[in-house]
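Let me begin by presenting the structure, written as structure tokens, before commenting on it.
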Amino acid sequence: MQLTHPIFIDAEAARVHLEAQRWPHGPNCPHCGNARADRITKMEGKAHRPGLYNCMECREQFTVTVGTVFERSKIPLNKWLLATFLMSSSKKGMSAHQLHRML
């Protein structure tokens with residue numbers, strides 16, 4: 001994977017990539033564990049943010065970042081994926097200041 005890959009540039013592509021990694025067989029609710037596709041609906045429209053799902057079992061809304069370290073972060077998801085890629089591809093580790101300079 002290269003640094004010019006779309007998941008490192010576009011937040012929407014990063015979200016789609018993370019959904020494919022976390023939910024290979026479709027979304028499942030992190031609140032109640034429901035994985036039935038007929039009981040989970042994707043919230044679409046101008047009033048909803050991209051990637052929002054609604055579980056009809058527990059009536060909770062969720063995205064792919066719920067239950068992860070990316071939850072409630074103000075930093076875009078593509079920056080998080082780029083930071084994790086840079087840290088994991090470094091042989092000797094990386095300081096926070098070095099990561100700051102590279103981002």
Next item on the list: Please give the residues of segment 55-71, grouped as numeric ranges, whose backbone N is less than 17 Å from a label point set 7 Å along the Cα-to-Cβ vector of Arg36.
Entry: 55-60
Margin query: Between helix 11-22 and the chain, what is the angle of the helix's C-alpha long axis to the longest principal axis, kept within 0 to 90° and rounded to the nearest 10?
Written below: 70
Next item on the list: May I ask for the angle, rounded to the nearest 10°, between helix 77-89 and the longest principal axis of the chain, with both axes built from Cα atoms and the value confined to 0 to 90°?
Entry: 50
Notebook entry, point to check: Tally Lys/Arg at +1 and Asp/Glu at -1 over every other residue whose Cβ is under 13 Å from the Cβ of Val66; what's the total?
Noted result: +1
Check: With Cβ to Cβ distances under 11 Å as the rule, what net charge do the other residues near Pro30 carry (K, R +1; D, E -1)?
Finding: -1
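Bear in mind these aren't lab numbers, they're just calculated from the coordinates by the rules spelled out. All values reported here derive from a predicted model rather than from experimental measurement. Backbone-built Cβ (ideal geometry, glycine too); neighbour counts: all protein chains shown.
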